[in-house]
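The values are calculated or read from the model by the stated rules, or taken from the named source; none is laboratory data. The structure presented is a predicted model; accordingly, all values stated were derived computationally and were not measured. Cβ: placed from backbone, ideal geometry, glycine included. Neighbour counts: every protein chain shown. With ligands, DNA and RNA removed, areas are computed over all heavy atoms of the protein, side chains included. Shrake-Rupley method; radii C 1.70, N 1.55, O 1.52, S 1.80 Å.
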Amino acid sequence: PHPYIAFALPLSLGFESDWEIMDIRLVDDDYPLDGICDALNHVCPEYIRFFSAAEPEQKVGNIAFASFDISFDDGGAVSNPLAQFLKRDSVICTKKTKKGGEKEIDLIPKIKEYSFEDAQNTKLHIVLPAGGADNLNPELLINAFFEQGDCNYYCYDVVRTAILDAQLKLFK
């Protein structure tokens, strides 16, 4: 038999996440939900932790957005140019399609919200479309910024902090 495991929104290589959704199927309908996390944590590496298990409240198709924290290793040098970049009326870039083609998209209308989260302005919190209907990888936005903006390239880390529905409520 094959295990039934599905992840709602797989992450890009190199991204981290504080919030993941994994769908599993159990063969025992009477298995207690409160025992699932302990059982999974017992067999997973120490850097993968399960915190809660619940019956799904929504269908995966209801995922509409994801929030990300993007941290720059720059001492604040990126924040002003990035803030100006995000205030543009339009930022056109090329996005690869699922079928291997390319299309031009405007990134700015896709950004739901953003803010700088720390005193040094080295962390950008941003909400972008995610899911089946529309999807914007934060790496596409950051690459466009470094290519089209007035700033040197700096290393950055991306952490997905939440998966959200169309009302920007936590997806469960």
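Longer than 23 Å from Cα to Cα, which of Lys59/Lys169; Lys59/Lys96; Lys59/Lys99; Lys99/Lys172 are they? Say none if no pair is.
Details: Lys59/Lys169 14 Å; Lys59/Lys96 26 Å; Lys59/Lys99 25 Å; Lys99/Lys172 30 Å.
Among Lys59/Lys169; Lys59/Lys96; Lys59/Lys99; Lys99/Lys172, the Cα-Cα distance tops 23 Å for Lys59/Lys96; Lys59/Lys99; Lys99/Lys172.
At q = 0.19 Å⁻¹ the log10 of I(q)/I(0) for segment 71-172 amounts to -1.04, computed by Debye summation with a single uniform scatterer per C-alpha, solvent ignored.
If R₀ is 30 angstrom, what is the calculated FRET efficiency for the pair Asp150 and Lys103, using the beta carbon separation as r and rounding to 0.05? Spell out each step's value before the answer.
Details: r = 26 Å, r/R0 = 0.87.
After rounding, the FRET efficiency stands at 0.70.
Using a probe of 1.4 angstrom and keeping all protein chains present, the accessible surface of the chain works out to 66 square angstrom per residue.
Cut-off 15 Å, label point 7 angstrom out along Cα-to-Cβ of Lys87: give me the residues of segment 133-172 whose amide nitrogen falls inside. Of the residues in segment 133-172, 150 have backbone N under 15 Å from the label point off Lys87. The order of the peptides 75-87, 144-156, 51-63, 21-33 by mean Cβ neighbours within 10 Å, most packed first, is 75-87, 144-156, 51-63, 21-33. With Cα atoms defining each centre, segment 35-78 and segment 119-167 are spaced 17 Å apart in the structure. Comparing the chain with the 2.2 N^0.38 Å rule of thumb, its C-alpha radius of gyration ratio is 1.19 (two decimals).
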